[in-house]
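A.B. asks: Below: one structure in structure tokens.
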4 protein chains.
Amino acid sequence: MTIRIYITGGTFDKEYNELKGELYFKATHLPEMLNLGRSRVSVDIETLMMIDSLEMTDTNRESIARHCLSAKENRIIITHGTDTMVDTARVIAGKVKDKTVILTGAMIPYKFGSSDGLFNLGSALAFVQTLPAGVYVAMNGRYFDWNNVQKNTTIGEFEEIR
Amino acid sequence: MTIRIYITGGTFDKEYNELKGELYFKATHLPEMLNLGRSRVSVDIETLMMIDSLEMTDTNRESIARHCLSAKENRIIITHGTDTMVDTARVIAGKVKDKTVILTGAMIPYKFGSSDGLFNLGSALAFVQTLPAGVYVAMNGRYFDWNNVQKNTTIGEFEEIR
Amino acid sequence: MTIRIYITGGTFDKEYNELKGELYFKATHLPEMLNLGRSRVSVDIETLMMIDSLEMTDTNRESIARHCLSAKENRIIITHGTDTMVDTARVIAGKVKDKTVILTGAMIPYKFGSSDGLFNLGSALAFVQTLPAGVYVAMNGRYFDWNNVQKNTTIGEFEEIR
Amino acid sequence: MTIRIYITGGTFDKEYNELKGELYFKATHLPEMLNLGRSRVSVDIETLMMIDSLEMTDTNRESIARHCLSAKENRIIITHGTDTMVDTARVIAGKVKDKTVILTGAMIPYKFGSSDGLFNLGSALAFVQTLPAGVYVAMNGRYFDWNNVQKNTTIGEFEEIR
């Protein structure tokens, strides 16, 4: 069983441009992170886009959903900015019915010392192997159904709506 | 649902004693790691022992199994040295039948820069929430049934026996 | 001999605001860094401002120079953003004649994994103890006289003008 | 001016062998550390030995001193275990009269998250550029004459003898 991992950007993969003093995207750190975790799960990583999730358009979300639909794998992880992760989950859930799709991200970039990224990736990889078909958000060590989750922007955590 | 976490030591929690130049155990880093991962899973952490798994005795393993048995929680994570993790899993499986027990550990101490510990903890926490009753080893992003896993000491990874 | 350390902000002390996804200033990391380096040099740390050096005004620079002048210590380190570090050095050199003043900074925030900050702080602390009265920039393991240094913004390094 | 750097081992360069669970030496991290510090000081690095300083013999110390003597550079840094750093400094001081020789080390291995190594390297590199001929120990942000320094093994810091 191979897991498909789609990269879309988000805090996860942001780096510090030392010449400009700005955060930016270069390339995904997923392979490096899986290597650090000594992961031996079979994965196929593909970068769909490399953007801040606040800049993600409907067209972007449709594209992600189409990729999930056409992927030959039935278990899919999507790395995504946390701000609109729930919106993308909804679009995917409208199209993809028989696959396990996990969206995950990070509050702190992986390249910064104190990132939650490695923890989230470990949990996402475990959830995608064990949860039944459905679209889920995996953050804070937990998993949430796509239609019962929101980001609490005051504290920077995900929670059930009801 | 609260997850019980039993600490037994292992590479996970080793630190560097700068006065003696040796590795040693002080206290568990689990709370710090869960905080770094921004985990919001309800957990109850208890340190049973703080030893290298090569020094773990039958008495130690019996004690761990008894704790699993008497815990009021049905979902349990055990942090453990990797060298004899499989032996302890076997002892627990002989006693505990109706709980989900996950043993996990690390190849590199958490306090060292490049540890796999945070990744493993993230995956263990996800597996314990989703797997049916049984005793499992969670390492390398994967989970293994207690009776079909071995540590390949040449490469430092876990694998199925058959 | 006590070393006076003036904090003015700069990349050195920038942190990542995980709720806003932006870099910002909270408090200086100098005490934490000196502790990590196990420094036993007697220092007195004072935060004069906490700003990006691109936003530093003439008034700010005058204030820094006045502080150097009125400090009872003869050996002073100033942490400063790299972009206008040379400009501030010039203002100080116009006022302060009989003290050893070292300006230093970092290309990568200390809180990010791969910062040059600890290295620069170590070298600045050594230079301030050994160089004769004068105003210097300490970056890249080297020291430069205030009137013969420029930041090469293409490569992010300091170099002699001639 | 090129600085000669001699590597002799010590905590500085220790790594964690994840298959054996032991600390060991592989190769020096000096080039990586200088790169992280964005050092632009011209250096020539040579590994003389890779040992724990408790295992260093008189023959080893004589060899280090001879290398200092025959080096074409007049400014030399030696990375060394802290336990017998002062002993080696004495042997060098008996032979080398007209060069600036700085011994430095670390209490925590560089590869572990919280090392003092980068700070010490930054200060050693600054001291070697600025101090007059002599043999010095550079630790804790300070420099000590070879004949007025001891390691306080209770607190793990260097201090004057009198």
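The values are calculated or read from the model by the stated rules, or taken from the named source; none is laboratory data. Because the structure is predicted, anything quoted here is derived from the model rather than measured. Backbone-built Cβ (ideal geometry, glycine too); neighbour counts: all protein chains shown. For accessibility, only protein heavy atoms count, side chains too; no ligands or nucleic acids. Shrake-Rupley method; radii C 1.70, N 1.55, O 1.52, S 1.80 Å.
A.B. asks: Would you check which residues across region A:109-162 are within 26 Å of C:Glu22 (Cβ to Cβ) and acidic (Asp, Glu) and list them?
C.D. replies: A:Asp116, A:Glu157, A:Glu159
A.B. asks: Exactly one of these conditions fails for B:Gly113: (1) at pLDDT 95 or above; (2) under 30 Å from D:Pro109 (Cβ atoms). Give me its number.
C.D. replies: Here B:Gly113 clears every test but (1).
A.B. asks: Please tell me if C:Gln129 is in contact (Cβ under 8 Å) with a residue 60 or more places away in the chain, within 11 Å of chain D (Cβ to nearest Cβ) and open to solvent by 10 Å² or more (accessible area, probe 1.4 Å). Break it down into steps so the answer makes sense when it comes.
C.D. replies: Working: in contact (Cβ under 8 Å) with a residue 60 or more places away in the chain: yes; within 11 Å of chain D (Cβ to nearest Cβ): yes; open to solvent by 10 Å² or more (accessible area, probe 1.4 Å): yes.
Yes: the conditions hold for C:Gln129.
A.B. asks: For the subset of region B:103-126 comprising residues that are touching a Phe, Trp or Tyr at 6+ places or on another chain (Cβ under 8 Å) and open to solvent by 30 Å² or more (accessible area, probe 1.4 Å), which member is nearest to the other protein chains (Cβ to nearest Cβ)?
C.D. replies: Selected residue: B:Gly113.
A.B. asks: Which is aliphatic (A, V, I, L, M) and at pLDDT below 95, of B:Leu30, B:Leu103, B:Leu69, B:Leu19?
C.D. replies: Values: B:Leu30 fails: at pLDDT below 95; B:Leu103 fails: at pLDDT below 95; B:Leu69 fails: at pLDDT below 95.
Checking each option against the conditions leaves just B:Leu19.
A.B. asks: Let me ask something else about it. Kindly indicate whether B:Arg4 is at positive phi and either within 14 Å of another protein chain (Cβ to nearest Cβ) or open to solvent by less than 40 Å² (accessible area, probe 1.4 Å) (or both).
C.D. replies: In short, no.
A.B. asks: Oh, and also: Tell me which of these D:Thr59 doesn't satisfy, since it passes every other one: (1) part of a helix (DSSP H, G or I); (2) among the β-branched types (Val, Ile, Thr); (3) within 14 Å of chain C (Cβ to nearest Cβ).
C.D. replies: (3)
A.B. asks: Out of the residues in region D:7-18 that are within 14 Å of chain B (Cβ to nearest Cβ) and within 12 Å of the chain's Cα centre (by Cα), state the one that is most open to solvent (accessible area, probe 1.4 Å).
C.D. replies: Once the filter is applied, the top-ranked residue is D:Thr11.
A.B. asks: Another one. On the given criteria, is B:Arg66 more than 14 Å from chain A (Cβ to nearest Cβ) and without any contact (Cβ under 8 Å) to a residue 40 or more places away in the chain?
C.D. replies: In short, yes.
Here's the yes/no breakdown for (1) among the charged types (D, E, K, R); (2) touching a Lys or Arg at 6+ places or on another chain (Cβ under 8 Å):
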{"residue": "D:Glu15", "(1), (2)": "yes, yes"}
{"residue": "D:Glu18", "(1), (2)": "yes, no"}
{"residue": "D:Glu22", "(1), (2)": "yes, no"}
{"residue": "D:His29", "(1), (2)": "no, yes"}
{"residue": "D:Asn35", "(1), (2)": "no, no"}
{"residue": "D:Ser42", "(1), (2)": "no, no"}
{"residue": "D:Thr57", "(1), (2)": "no, no"}
{"residue": "D:Glu62", "(1), (2)": "yes, no"}
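A.B. asks: In region D:144-157, which residues are hydrophobic (A, V, I, L, M, F, W, C), touching a residue at least 40 places away in the same chain (Cβ under 8 Å) and open to solvent by less than 10 Å² (accessible area, probe 1.4 Å)?
C.D. replies: Within region D:144-157, D:Val149 is the sole residue that qualifies.
A.B. asks: Return the residues of region C:1-28 that are within 22 Å of C:Ser114 (Cβ to Cβ) and either free of Cβ contacts under 8 Å to residues at least 12 places away in the same chain or not in a strand (DSSP E or B) (or both); say none if nothing qualifies.
C.D. replies: C:Gly10, C:Thr11, C:Phe12, C:Asp13, C:Asn17, C:Glu18, C:Gly21, C:Glu22, C:Tyr24, C:Lys26, C:Ala27, C:Thr28
A.B. asks: Quick one: how many residues across region D:132-151 are within 10 Å of another protein chain (Cβ to nearest Cβ) and assigned to a strand (DSSP E or B)?
C.D. replies: So the count comes out to 4.
A.B. asks: Looking at (1) in contact with a strand residue (DSSP E or B) (Cβ under 7 Å, 6 or more places away or on another chain); (2) open to solvent by 40 Å² or more (accessible area, probe 1.4 Å); (3) within 11 Å of chain D (Cβ to nearest Cβ); (4) not acidic (Asp, Glu), can you tell me which one C:Thr47 breaks?
C.D. replies: (3)
A.B. asks: Keeping to region C:132-143, report how many residues are surrounded by fewer than 24 Cβ atoms within 10 Å (Cβ to Cβ), under 21 Å from D:Met1 (Cβ atoms) and hydrophobic (A, V, I, L, M, F, W, C).
C.D. replies: 0
A.B. asks: Restrict the check to region C:80-92 and report whether at least one residue is aliphatic (A, V, I, L, M), within 17 Å of C:Phe127 (Cα to Cα), touching a residue at least 12 places away in the same chain (Cβ under 8 Å) and within 14 Å of chain D (Cβ to nearest Cβ).
C.D. replies: Within region C:80-92 (the criterion being aliphatic (A, V, I, L, M), within 17 Å of C:Phe127 (Cα to Cα), touching a residue at least 12 places away in the same chain (Cβ under 8 Å) and within 14 Å of chain D (Cβ to nearest Cβ)), the answer is no, since none of the residues qualifies.
A.B. asks: What are the residues in region C:29-44 that are open to solvent by 40 Å² or more (accessible area, probe 1.4 Å) and either not in a loop (DSSP other than H, G, I, E, B) or not polar (S, T, N, Q) (or both), if any? Please lay out each step first, then the result.
C.D. replies: First, pick out the residues of region C:29-44 that are open to solvent by 40 Å² or more (accessible area, probe 1.4 Å): C:31-32, C:35, C:40, C:42-44.
Scanning region C:29-44 gives C:Pro31, C:Glu32, C:Asn35, C:Arg40, C:Val43, C:Asp44.
A.B. asks: Another question, if that's okay. Do we have any residue at all in region C:115-123 that's in contact with a helix residue (DSSP H, G or I) (Cβ under 9 Å, 6 or more places away or on another chain), assigned to a loop (DSSP other than H, G, I, E, B) and closer than 17 Å to D:Val41 by Cα? Lay out the reasoning, then the answer.
C.D. replies: Here is the first cut: in region C:115-123, the residues in contact with a helix residue (DSSP H, G or I) (Cβ under 9 Å, 6 or more places away or on another chain) are C:115-123.
With assigned to a loop (DSSP other than H, G, I, E, B) added as a condition, the list becomes C:115-116.
Checking the rest, the ones that are also closer than 17 Å to D:Val41 by Cα come to C:116.
Yes, region C:115-123 has at least one match.
A.B. asks: Just to be sure I understand, how many residues within region D:66-92 are over 22 Å from D:Met1 (Cβ atoms) and assigned to a helix (DSSP H, G or I)? Break it down stepwise before answering.
C.D. replies: Filtering region D:66-92 down to residues over 22 Å from D:Met1 (Cβ atoms) leaves D:66, D:80-91.
Right, trim to assigned to a helix (DSSP H, G or I) and you get D:66, D:85-91.
Residues that pass the stated criteria total 8.
A.B. asks: May I ask you to list the residues in region D:50-95 that are among the hydrophobic types (A, V, I, L, M, F, W, C) and surrounded by fewer than 19 Cβ atoms within 10 Å (Cβ to Cβ)?
C.D. replies: D:Met50, D:Ile51, D:Leu54, D:Leu69, D:Ala71, D:Ala93
A.B. asks: Taking A:Gly141, is it touching a Leu at 6+ places or on another chain (Cβ under 9 Å) and without any contact (Cβ under 8 Å) to a residue 24 or more places away in the chain?
C.D. replies: Spelling it out, A:Gly141 is indeed touching a Leu at 6+ places or on another chain (Cβ under 9 Å) and without any contact (Cβ under 8 Å) to a residue 24 or more places away in the chain.
A.B. asks: Would you pick out the residues in region D:19-40 that are within 17 Å of the chain's Cα centre (by Cα), under 28 Å from C:Glu160 (Cα atoms) and either more than 12 Å from chain C (Cβ to nearest Cβ) or hydrophobic (A, V, I, L, M, F, W, C) (or both)?
C.D. replies: D:Leu30, D:Pro31, D:Met33, D:Leu34
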